[in-house]
Amino acid sequence: MGHSLLLSLLMIAITLLVYGQVINHDFVVWDDPLYVTANDRIQQGFDWESIRWAFTTNHGATWIPLTWLSLMLDYRMHGLSPGGYHLTNLCWHLLNALLLFHILRTMTRALWPSFLAAILFAVHPLNVESVAWVTERKDVLSAFFWFATTGLYVRYVRGPSPTKFLPVIVGMALGLMAKPMLVTLPFALLLLDFWPLRRIQTYRSWVPLVKEKLPLVGLAILSAALTLWAQRGVIAAIPFDVKPLPLRLENALVSYVAYLHKLFWPAGLSAYYPYPDSSFPLWQLGLASLTLGGASWLAWRFRQQLPYLLTGWLWFVGTLVPVIGIVQVAGHAMADRFTYVPAIGIFLIIAWGARDMALRRPPFRWGLVSACAAAVIVLSVLSHSQVRHWRDSIALFQHAVEVREDNSLAHACLGAAFLRQGNPIPAEKHLTRALEINPRYPEALNDLGTILSDQGRYAEAVARLTQALALSPNYAEARNNLGLALARMGRSAEAIEQYRVAISLDPRSPKALNNLGAALAQQGRREEAKPYFLRALAIDPGNADALDNLGLLYYELKDYANSRASFERGLRHNAMNPKAFFFLGMIAVAEGRDREAEGYFSRAVKLAPDFEEAAERLREVAARTRRN
């Protein structure tokens, strides 16, 4: 017990040394907006309406209510401070490593191999993506339920009864609500029945063990159905005419070997691996087939002498099946995060293989111990370096471009990151490069259109945004941006139509609601515009543009009380807004309070020295106050 505690503390210390830096990391532009930073439901807080949404939404094209609830709790505690979300991911990963250690030790009563497998899981660079990416909360959270359910299953095996199996069912159900990856858990439990639980002695003994797991298989089927439901009407699964089945099978075959290679030589890791455009070379397919076939033959051949070899190998191969790319979602060929649980199978082989070698070759024991310690140190250093790449979007995707330059997603995400920084020159460069690699990239076309519109190149912007919508007609953000470009060209009627379509596609888009209100107000349709500003503010109470526009609308209606309230509310969210101070000054002038107006105009000019109208008004009220 004492050794187990000391090793647990050692594992915690090493993991914190590797991952502690994440608390200073930022969100990234890739999917973090979808999950947190631009998700108003998450930011609504943890209430009954949010809970209902979590269990009924297909947001993100998957059904993951527990992940949504977890992120809501983080928002309640940390707001939009990214360090809190990263710390939560790290805590789940630490808990997962400790649970794995405990479960392996409980099943095998082998302390050191259990520790080696768990520490490899804790520090391997392939797991960095699952821990350092806020979006992958679903990975670390679902893995916790995977391990917890496995622990409950081990408890059940020691004294089988329906009451002990019920928590196993509940644990798997909860895990599936975090991420559907647990669909392979019944298969993994069968492998544990073979080794180390040794419940399978003959071929016939498989039958009752399979029947025993039928409730878990039923949960897996239900989860698959819910995943298909979540993808309804969402462009998630890539059709076979875009990625043909033969190419998918080739990619799956090669990816298995690529994952193995990265497990033993974790170099060239990237946030995104582009999908091949054509078939793989025959030599590559042949080598992959020989590797997989040979490993499978060895695992079967030595199933009696080295049972952990068969369990570990089939664990790796089997648990990767849902994410190996036969059903292709998104455009990646493979992803580091997909190995978070499957890699445990290889770690089992390494750990128990090292133990067996040490037992059979005592003179090499200390050499093996030194080699294992050196491997853990090297992997920890590599992971620490890999974690640094996740510190922000620019660092992450610059590294991805260094790994492979023809990476359209990496260039597009770099463009989006520079755009959000207000740095349009490198943004345009990377977005243009992304479109050179992949001309059919709606998100890159949308971002490039936004840059062109902001630069006053409206015709080019409209062309790019129209291209984006031709590829993705239900792309609400591109509809809104097209409306904005049209409005800037003076084509207000067309702009209003685009805003209305954008709102029909995304009724909770504060930008589209505000833009439609602004376009209507510009046409003098103020009463028609007002509800759109109010709807935008109901969704995003701190939306500066909507608050300014609503304040201006009330000012034009001479409703000075509501106008003042809107601008003051805006200043509570952004105290550096010269426009708000200017109109508060105008309201004060209208109400005959020149001295107060002078203060407001003075603040506006101080914040924006080139604000000529504010400067002129300041001179006028200053002259009047001097005369009085």
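List of remarks:
- Residue check, LEU309 exposed (fewer than 15 other Cβ atoms within 10 Å of the Cβ), out of contact with any strand residue (DSSP E or B) (no Cβ under 8 Å at 6 or more places or on another chain) and either touching a residue at least 40 places away in the same chain (Cβ under 8 Å) or not in a loop (DSSP other than H, G, I, E, B) (or both): no
- Odd one out for LEU7, checked against (1) over 17 Å from the mean Cα position of the chain (by Cα); (2) loosely packed, with under 15 Cβ neighbours inside 10 Å: (2)
- Output for region 344-373, where each listed residue is of a type in the set (Lys, Arg) and in a helix (DSSP H, G or I): ARG355, ARG360, ARG365
- Here ILE51 does not fit the description of being under 15 Å from the mean Cα position of the chain (by Cα) and either small (Gly, Ala, Ser) or closer than 29 Å to SER223 by Cα (or both).
- Assessment of region 398-407 against the conditions (surrounded by 24 or more Cβ atoms within 10 Å (Cβ to Cβ) and either of a type outside the set (Gly, Ala, Ser) or without any contact (Cβ under 8 Å) to a residue 40 or more places away in the chain (or both)) yields at least one matching residue.
- Residue that is farthest from ALA375 (Cα to Cα) [pool: residues in region 242-270 that are among the basic types (Lys, Arg) and part of a helix (DSSP H, G or I)]: ARG248
- Test: residue in region 452-460 that is surrounded by 19 or more Cβ atoms within 10 Å (Cβ to Cβ) and within 19 Å of ILE394 (Cβ to Cβ): no
- Given (1) surrounded by fewer than 22 Cβ atoms within 10 Å (Cβ to Cβ); (2) within 30 Å of GLY45 (Cα to Cα); (3) polar (S, T, N, Q); (4) touching a residue at least 24 places away in the same chain (Cβ under 8 Å), index of the condition GLN522 fails: (2)
- Residue check, GLY517 modelled with pLDDT under 95, of a type in the set (Gly, Ala, Ser) and either in contact with a Leu (Cβ under 9 Å, 6 or more places away or on another chain) or within 30 Å of GLY585 (Cα to Cα) (or both): no
- Every test in (1) acidic (Asp, Glu); (2) over 21 Å from MET181 (Cβ atoms); (3) touching a helix residue (DSSP H, G or I) at 6+ places or on another chain (Cβ under 8 Å); (4) surrounded by fewer than 18 Cβ atoms within 10 Å (Cβ to Cβ) is passed by ASP31 save one, and that test is (2).
- Reported count of residues in region 460-474, each being at pLDDT below 95 and either closer than 18 Å to LYS511 by Cβ or part of a helix (DSSP H, G or I) (or both), is 3.
- Here ALA358 meets the list (1) in contact with a helix residue (DSSP H, G or I) (Cβ under 8 Å, 6 or more places away or on another chain); (2) modelled with pLDDT of 95 or more almost entirely, failing just condition (2).
- Boolean, MET172 is buried (at least 18 other Cβ atoms within 10 Å of the Cβ) and more than 15 Å from TYR153 (Cα to Cα): no
- Residue list for region 485-510, filter: of a type outside the set (Gly, Ala, Ser), under 17 Å from PRO442 (Cβ atoms) and either in a helix (DSSP H, G or I) or touching a Pro at 6+ places or on another chain (Cβ under 7 Å) (or both): GLN498, VAL501, LEU505
- Residue check for LEU111: closer than 20 Å to LYS179 by Cα and in contact (Cβ under 8 Å) with a residue 12 or more places away in the chain: no
- All positions within region 406-451 that are basic (Lys, Arg), in a helix (DSSP H, G or I) and more than 14 Å from SER393 (Cβ to Cβ): LYS429, ARG433
- All of VAL369, VAL321 fail the test of being surrounded by fewer than 19 Cβ atoms within 10 Å (Cβ to Cβ) and in contact (Cβ under 8 Å) with a residue 24 or more places away in the chain, apart from VAL321.
- Among the residues listed as VAL376, VAL387, VAL341, VAL381, the single one being outside any helix (DSSP H, G or I) and aliphatic (A, V, I, L, M): VAL341
The values are calculated or read from the model by the stated rules, or taken from the named source; none is laboratory data. These figures come from a predicted structure and were not determined experimentally. Reconstructed Cβ throughout: ideal geometry from the backbone, glycine too, with neighbour counts over all protein chains shown.
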